[in-house]
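These notes are about the structure you will find just below.
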Amino acid sequence: MTLYQATFEDDDAILAFYDDVTARTPDISLHARWSKGKHPTTDGIRAYIKEGCMFLHKEQDVIVGAMALTMYQGDDYHAIEWSQQVPDDEVAVIHILAVNPDRQGSGVGSEMVREAIRLARKNGMKAVRLDALASNTPAHSMYKRLGFEYRGKQHLYAENTGWTDFYFFEFKQNHQTN
């Protein structure tokens with residue numbers, strides 16, 4: 001699988017993709033609590049594109065999967081007890097991973113995460129981390145199956161959820177990504 005770095009030429013297609021995922025993914029309001037206009041936001045997606053950390057998986061020029069992969073972690077990650085302490089700019093973090101509803105369950109999301117891990121390693125990152133809502137049990141299962149380890153939770157505020165629990169995960173460095 002190849003992940004392509006998104007550009008502003010992809011802007012409209014990416015926004016339409018996330019709107020479609022939000023509208024058609026079963027139980028998204030329960031698990032991820034995404035809602036059009038609240039999360040992911042147009043401004044947030046455009047910021048990821050501008051930063052060069054929005055990545056796409058396309059098939060026949062159609063977006064099948066999208067995610068942001070930052071090469072740094074934010075302050076929300078500081079309160080977690082990680083397996084290794086590394087500077088913020090040596091940690092890759094996966095955000096807003098989404099797969100076309102027609103392809104969910106086909107392995108696209110798993111392969112995108114594996115590709116993100118490879119990209120992070122290629123860029124010299126010493127850790128790969130992510131967070132997910134406590135209610136997003138399907139995502140938790142996938143992350144654990146791919147070699148991520150639950151490291152803790154925080155009660156945080158997000159525009160789309162209000163105050164809620166987020167689970168934090170870290171990729172186990174000795175785990176094979178294939």
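The values are calculated or read from the model by the stated rules, or taken from the named source; none is laboratory data. Predicted, not measured: the structure shown is a model, and the values here were computed from it. Cβ sites come from the backbone with ideal geometry, for glycine too, and all protein chains shown count toward neighbours. For accessibility, only protein heavy atoms count, side chains too; no ligands or nucleic acids. Shrake-Rupley method; radii C 1.70, N 1.55, O 1.52, S 1.80 Å.
The chain gives an Rg/Rh value of 0.92, both radii derived from C-alpha positions and Rh following Kirkwood.
For region 34-69 versus region 115-178, the spacing of their alpha-carbon centroids is 18 Å. So what are region 39-113's ellipsoid semi-axes, whole angstrom, largest first, if each one is the square root of 5 times an eigenvalue of the alpha-carbon gyration tensor? Output for region 39-113: semi-axes of 26, 15, 11 Å. Site pair S29 and T164 shows an inter-label distance of 1.2 nm when each label is modelled 7 Å from Cα along Cα→Cβ.
Return the carbon/sulfur percentage of the accessible area of region 46-144, one whole number, probe 1.4 Å, all protein chains in place. Could the numbers behind the result be given before it?
Numbers: 2010 of 4460 Å².
The C+S portion of the solvent-accessible surface of region 46-144 is 45 percent.
Putting +1 on Lys and Arg Cβ atoms and -1 on Asp and Glu Cβ atoms, find which of Q84, A16, L30 reaches farthest to the positive end of the dipole of the chain. Comparing the listed Cα positions along the dipole, Q84 ranks first. Once the mean of 1/r is taken over each pair of separate Cα atoms and inverted, region 28-78 shows a Kirkwood hydrodynamic radius of 12.7 Å. Once you list every other residue whose beta carbon is under 13 Å from the beta carbon of I45, what net charge do they have if Lys and Arg are +1 and Asp and Glu are -1? Every neighbour counted, the sum reads -2. Taking the average, over residues, of other Cβ atoms within 10 Å as the packing measure, peptides 119-125, 107-113 rank 107-113, 119-125 from highest down. If you count Lys pairs in the chain whose Cα atoms are under 19 Å apart, skipping same-chain pairs closer than 8 places in sequence, the total is 6. Each of T70, G124, M142 was placed along the dipole of the chain (beta-carbon charges, centred on the mean Cα), and the one lying farthest toward the positive end is M142.
List the GluC sites (Glu not before Pro) in region 43-84 that DSSP assigns to loop (not H, G, I, E or B) and whose Cβ has at most 13 other Cβ atoms within 10 Å. Which are they? Before the final figure, lay out the partial values.
Numbers: sites: E51, E59, E81; in loops: E81.
For GluC sites (Glu not before Pro) across region 43-84 that sit outside H, G, I, E and B with at most 13 neighbouring Cβ atoms in 10 Å, the list reads E81.
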